[in-house]
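The values are calculated or read from the model by the stated rules, or taken from the named source; none is laboratory data. Everything numeric in this text was worked out from a predicted model, so none of it was measured. A quick note on method: Cβ atoms are made from the backbone with ideal geometry, for glycine too, and the neighbour counts reach across all protein chains shown.
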Amino acid sequence: MTDSTKPKQLTKDPVVAKLVEDFDQDATTFSKNYLRTYYSGSIPDPDEQEVLRFCVQNYPKMGRVDNFLELGCGPTIHHLLPAVEYANTFEVADYLPDCIEEVKLWKEKSNNAHDWSVFTKFVLECEGIDPTLDAIGIRENLVRSKLGNFNHCDLRNPAPLGIARQFPAVGCFYTTEQASMVGEDWSKDQRRDAWLQVMSNLCSVVAPGGWLFMSCVRNSDHYVTYEVGSDTPHRHPLPIVNEDDFSAALKQFGFDLARSEIAGVKFVGQESEGVPGAVLVAALKK
C-alpha cells in the first residue's frame, strides 16, 4: 500500500484523545447498559436476527479452522454460537475489561451472567435443529469448552492485540464504528477517515486465505444505549458508512471481492436506537 492510499492515523489526535478519555470514564457501566438496550428481549432484535442468519449461512465458508477470533466481542457471546462446527477453539478480545468480565461470567456459569438462551434458541432454529432445553444447553456448553483466551484489544492501533497476530477466521460485529471514536461535530469525511484506519488495523489480523465476518451500523451518525434504571438515551457518534464504503475498503486492504459477500440491509423498528440498517460482510483475504 502506498503512502497516498494509506488511511490517516488519527489515534494521537488530541480531539480523539479526549473522546477516548470520555468513553473510558463511562466504561464501567457500558456493558450492562449495552446488554439492557439490545439483548434483553424475549426474542432477538431484528438486526441481531439478520446478523445471526448471515453467520449461519456464511460461517461454513471458513471450512474447519484451528482458531476463531472475535475482535471487539463486547459483553456478548452469541456470534460464537453458530461457529462451533467450524472452529476448534475460540478467542475473544475487547477494549473494555468490563466486557471481558461479562464473557468470563458466562463461561463460568455465574449466577450474575447474562442469559443468552434466547439467542441460542434462535441460532438452533436457523440451523434447523429443534431448540429443546437440552439442545440449548449442549450448544452453550460446547461454546464454553472451546472458549479459551481472553484478550485486550484496541482497534485504533496497528496491532490491535498489542502484538502482531493473524487468524484464519475473525469476527468483528458492530465494533469498527464504535472503535473509530468519532466526534459528534465531525464531518462525514472525517468520520470515514477514522473508520478506515480502524478497518486497516482490523484487516491486518486476518491471515492470507482467511475469512472476516462483520456487521456494522449502516447510514447512521449515532446509536444509543440506555442506562440501567433510566429511559434517557445516551448517544454514541458513529462514522456514516454503507456497503460501498466496505467494498472499497476491503479491496484496498487485500480481500477478494469476487469471492466475498457484502450486503446492505434495512431494519424496521430500530430507528430510535440509531440502527436503521446494517452492512453484513463475509470476506475472503487473498
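Being modelled with pLDDT of 95 or more, aliphatic (A, V, I, L, M) and either more than 25 Å from Phe30 (Cβ to Cβ) or crowded, with 21+ Cβ neighbours inside 10 Å (or both) narrows it down to one residue among Leu133, Leu105; which is it?
Just one listed residue meets the conditions, Leu133.
Go over the candidates Lys104, Lys121 one by one and state the one that is assigned to a helix (DSSP H, G or I), closer than 30 Å to Trp195 by Cα and among the basic types (Lys, Arg). Break it down stepwise before answering.
Values: Lys121 fails: closer than 30 Å to Trp195 by Cα.
Unique residue meeting the criteria: Lys104.
When Cys99 is evaluated against the numbered criteria (1) in contact with a helix residue (DSSP H, G or I) (Cβ under 8 Å, 6 or more places away or on another chain); (2) at pLDDT 95 or above, which criterion, by number, is the only one it fails?
That leaves (2) as the condition not met.
Restricting the first residue to the range 261-286 and requiring it to be more than 27 Å from Pro60 (Cβ to Cβ) and at pLDDT below 95, which pairs with a second residue that is aliphatic (A, V, I, L, M) and surrounded by fewer than 20 Cβ atoms within 10 Å (Cβ to Cβ) meet a Cβ separation below 6 Å and a spacing of at least six or different chains?
Correct list of pairs: Glu273/Val224; Gly274/Val224.
How many residues are on the phi > 0 side of the Ramachandran plot and touching a helix residue (DSSP H, G or I) at 6+ places or on another chain (Cβ under 8 Å) when one looks only at the range 41-93?
2
Name the residues in the range 134-180 that are part of a strand (DSSP E or B), among the small types (Gly, Ala, Ser) and under 14 Å from the mean Cα position of the chain (by Cα), would you?
If the condition is that a residue be part of a strand (DSSP E or B), among the small types (Gly, Ala, Ser) and under 14 Å from the mean Cα position of the chain (by Cα), then Ala169, Gly171 are the ones that fit.
Residues in the range 212-221: is at least one farther than 20 Å from Pro46 by Cα and modelled with pLDDT of 80 or more?
Yes: one or more hits.
Can you list the helices (runs of 4 or more DSSP H) found entirely within the range 1-90 that contain at least 3 residues being modelled with pLDDT of 95 or more?
Counting at least 3 such residues, we get 46-58.
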